[in-house]
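Working notes, structure below.
Here, each number is a calculation from the coordinates, and none is a lab measurement. These figures come from a predicted structure and were not determined experimentally. Positions of Cβ are backbone-derived with ideal geometry, glycine not excepted, and every protein chain shown enters the neighbour counts.
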Amino acid sequence: MIWLIGCKGMLGSEVARLLDEKKAHWVGTDKEVDITDPDALTAFEKSVETSSYLDTSCTDKHIKWIINCSAYTNVDKAEEEPELADKLNNQGALNIARTARRIGAKLIHISTDYVFGGNGKEPYTEDMEKNPLGVYGSTKAAGEEAIQKEMTQYYILRTAWLYGYDGKNFVYTMTKLMNSHDQIRVVNDQKGTPTCAIDLASTIIKIIEKTDNATEAFGKHSAPTPGIYHFTNGGETTWYDFAAEIYKLGKKFGRITHECQVNPCTTEEYGANVQRPAYSVLSKDKICKELKIKLPDWKVSLEKFIRGERFKYE
Ligand SMILES: NC(=O)c1ccc[n+]([C@@H]2O[C@H](COP(=O)([O-])OP(=O)(O)OC[C@H]3O[C@@H](n4cnc5c(N)ncnc54)[C@H](OP(=O)(O)O)[C@@H]3O)[C@@H](O)[C@H]2O)c1
């Protein structure tokens with residue numbers, strides 16, 4: 001049995017879809033089971049063992065995996081609500097890790113490139129020193145450490161520049177702006193890698209499958225080793241080039257019908273309130289080797305996303 005926490009969020013809803021597609025035995029919770037309340041987590045976990053809403057074919061009601069896609073994710077607002085951000089990203093992560101350890105479940109937790117300060121020039125590896133710039137990054141970094149102190153059977157996946165069909169994200173924001181403005185400005189001095197939530201969701205499922213299928217027959221080391229991993233799509237770009245690609249593909253697939261000029265600007269010219277990492281490219285060598293996967297290039301995944309039937313922005 002898999003317990004997916006944050007099942008209604010942008011990433012969580014993609015994981016939920018995949019679990020359904022795979023006909024996995026899983027239960028999902030979101031805000032109604034508050035991760036900041038340890039008793040709520042315990043009560044839910046206990047209810048799963050006796051619950052009647054589970055599929056009758058599901059005989060194993062023991063939760064073996066917890067996937068945590070819930071978090072406080074509003075980077076700007078976190079600066080005004082540092083306590084709430086910490087409550088979710090740090091204390092919430094700890095509560096989930098404690099629950100996982102108590103019931104003997106493995107944990108997959110999602111973290112972020114924002115744990116790094118962004119002054120690097122080479123892709124960040126998992127063991128590089130963290131140096132978060134703001135409240136969001138600091139609270140996510142604290143959440144990682146809380147999990148690491150609490151348990152050993154964790155997979156912390158740091159990702160970046162995430163977009164998916166069910167949530168607010170850069171691709172939808174740009175599409176909306178490009179359909180309503182004659183020109184827009186996008187920063188051209190911050191580098192990173194866009195990540196399609198579907199690709200990350202597939203990787204989460206792969207970790208579970210590889211671990212659960214690891215037997216002597218597959219060789220002793222076929223299960224991915226618990227620890228921190230980086231996952232984004234392949235390649236790197238700037239927000240401006242990302243936006244330019246969205247415009248090109250949006251035009252090609254009829255998502256953008258308005259003429260809009262996309263202009264580059266510097267972070268300083270743009271004048272954002274919250275400092276963001278200038279360089280946040282993550283090295284994915286570890287996850288590629290461990291799971292024996294190839295990463296889809298960000299442009300390939302973006303095209304599939306924009307072409308996809310589920311594309312809908314408000
Ligand atoms: N989005 C990105 O660009 C990005 C980049 C790097 C890493 N990440 C990480 O990736 C993960 C998934 O991000 P996402 O963008 O999919 O997040 P999201 O869409 O904001 O989803 C988070 C979910 O958690 C729920 N939630 C909020 N408070 C809760 C609580 N107290 N108890 C239980 N659930 C609660 C939210 O409900 P409400 O919506 O009702 O509040 C939402 O459904 C997060 O760990 C995030 O830090 C995201």
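Taking 32 Å as the limit for the C-alpha separation, the pairs Lys64/Lys312; Lys64/Lys130; Lys23/Lys251; Lys130/Lys294; Lys8/Lys176 exceed it in the case of Lys64/Lys312; Lys23/Lys251.
Summing charges over all other residues whose Cβ lies under 14 Å from the Cβ of Lys31, with Lys and Arg as +1 and Asp and Glu as -1, gives -2.
Here is the list for segment 226-309: GluC sites (Glu not before Pro) lying in DSSP coil, each with at most 13 other C-beta atoms within 10 angstrom of its C-beta, are Glu259, Glu309.
Extension gain, Lys289 to Lys22, is 93.7 nm, computed as 0.36 nm per intervening residue step minus the present C-alpha separation. Once backbone amide H atoms are built at 1.01 Å from N, Tyr155 has Leu107, Ile108, His109, Gly227 as its partners under 5 Å, excluding neighbours fewer than 5 places away on the same chain. In a reduced charge model with +1 at each Lys and Arg Cβ and -1 at each Asp and Glu Cβ, the chain shows a dipole moment near 880 debye about its Cα centre.
Amide H contacts of Tyr124 (H built 1.01 Å from N, in plane; Pro and chain starts excluded): Val281, Leu282, Ser283 sit under 5 Å, all sequence-distant by 5 or more or on other chains. Taking every Cα-Cα distance in segment 17-126 and sorting them into 5 Å bins starting at zero, the pair-distance distribution P(r) comes out as 2, 9, 18, 20, 17, 14, 9, 6, 3, 1, 0 percent.
Per-residue ellipticity at 222 nm, computed for the chain from helices alone with -39500 (n - 2.57) per DSSP H run of at least four residues, works out to -11500 deg cm²/dmol.
Just want to confirm a number: the relative contact order over segment 66-121, from Cα pairs under 8 angstrom separated by 6+ residues, in percent. Dividing the mean separation by the residue count of segment 66-121 yields 48 percent. Once backbone amide H atoms are built at 1.01 Å from N, Lys191 has Tyr279, Ser280 as its partners under 5 Å, excluding neighbours fewer than 5 places away on the same chain.
Of the residues Thr29, Gly164, Ile306, the one whose Cα sits farthest toward the positive end of the charge dipole of the chain, with +1 on the Cβ of Lys and Arg and -1 on the Cβ of Asp and Glu, is Ile306.
Of the Cα atoms belonging to segment 143-215, the radius of gyration and Dmax stand at 17.7, 58 Å.
Couplings 3J(HN,Hα) for segment 114-128, derived from phi with the Karplus relation 6.51 cos²θ - 1.76 cosθ + 1.60 (θ = phi - 60°), are 5, 6, 9, x, x, 9, x, 10, 10, x, 6, 8, 4, 8, 6 Hz, where x marks Gly and Pro. Beta bridges from DSSP with both residues in the chain: antiparallel share about 5 percent, rounded to the nearest 5. Dividing the Cα radius of gyration of segment 46-198 by 2.2 N^0.38 Å, with N the residue count, gives 1.24. Annotation: extensible slack from Glu145 through Ala43 equals 34.2 nm (criterion: 0.36 nm per residue apart, minus Cα-Cα distance).
Highest mean first, the peptides 18-27, 87-96 sorted by other C-beta atoms within 10 Å per residue fall in the order 87-96, 18-27. Please report the relative contact order for segment 81-232, taking Cα pairs under 8 Å with a sequence separation of at least 6, and give it as a percent rounded to a whole number. With pairs under 8 Å counted, the relative contact order is 27 percent. Taking max minus min of the alpha-carbon positions on each principal axis, segment 125-185 gives extents of 51, 25, 21 Å, largest first. In this entry, the chain is assigned a mean projected area of 16.5 nm², taken as a quarter of its C-alpha convex hull surface. State, as an integer percentage, the relative contact order of segment 9-112 based on alpha-carbon contacts under 8 Å between residues 6 or more apart. Answer for segment 9-112 is 33 percent.
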